[in-house]
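Structure record follows, encoded as structure tokens.
The values are calculated or read from the model by the stated rules, or taken from the named source; none is laboratory data. No experiment lies behind these values; they were computed from the predicted model shown. Virtual Cβ from ideal backbone geometry, glycine too; neighbours counted across all protein chains shown. SASA here: full protein model, heavy atoms, side chains in, ligands and nucleic acids out. Shrake-Rupley method; radii C 1.70, N 1.55, O 1.52, S 1.80 Å.
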Amino acid sequence: RQCALGDVGGCSGMGSGGHARRVGENPYRLHEFGTLDPAHDFRFWPGFSLNPGVWDVAYLRATFEMAGEALEFDAGDERFEQSFSKRCEEIGILHMAYLPALSFSHIGDMSAYKANEQQRPF
């Protein structure tokens, strides 16, 4: 949770996830799910997150449709965020990058789990 809030002091993995990459003058780190390299923090998570971020929803929807699926969460799945993230990874459309600056942050202590009156299962 501290990482999602951008709390550098409370997030030991801040800046260590993924492979260092650069587009022109813009550095970023490319997330890799399932790597065995212990230097890559957050390797246990498939990638997609409900944390603040930028997503191309039209691209996600079109790619899910090409796979014969609807772009939707299974609200009955207590691990809906992780399950959806894993499905994106399996379809092969998910690429997540860590940016070198705090660009977005939570605006409060509300989460999709709290909004749906569910306990976070992890």
* Which condition breaks for Arg79 when tested against (1) closer than 19 Å to Asn116 by Cβ; (2) open to solvent by 60 Å² or more (accessible area, probe 1.4 Å); (3) out of contact with any Phe, Trp or Tyr (no Cβ under 8 Å at 6 or more places or on another chain); (4) of a type in the set (D, E, K, R)? -> (3)
* Test for Tyr113: is it modelled with pLDDT of 80 or more, surrounded by fewer than 16 Cβ atoms within 10 Å (Cβ to Cβ) and of a type in the set (Phe, Trp, Tyr) -> no
* Structure fact -> A careful count of residues in the stretch 20-53 that are touching a residue at least 12 places away in the same chain (Cβ under 8 Å) and outside any loop (DSSP other than H, G, I, E, B) gives 5
* To do: Filter the stretch 9-22 down to residues that are under 21 Å from Val54 (Cβ atoms) and at pLDDT below 80 and give me whichever is most open to solvent (accessible area, probe 1.4 Å).
  => Met14
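Out of the stretch 54-70, which residues are at negative phi, part of a loop (DSSP other than H, G, I, E, B) and small (Gly, Ala, Ser)?
Hits for the stretch 54-70 are Ala67, Ala70.
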* To do: Identify, by number, the condition in (1) closer than 20 Å to Pro121 by Cα; (2) exposed (fewer than 15 other Cβ atoms within 10 Å of the Cβ) that Arg87 doesn't meet.
  => (2)
* Has the stretch 48-60 got at least one residue that is surrounded by 14 or more Cβ atoms within 10 Å (Cβ to Cβ), small (Gly, Ala, Ser) and within 19 Å of Pro121 (Cβ to Cβ)? -> yes
* Structure fact -> The condition of being more than 12 Å from the chain's Cα centre (by Cα) and modelled with pLDDT of 70 or more holds, among Glu25, Glu89, only for Glu25
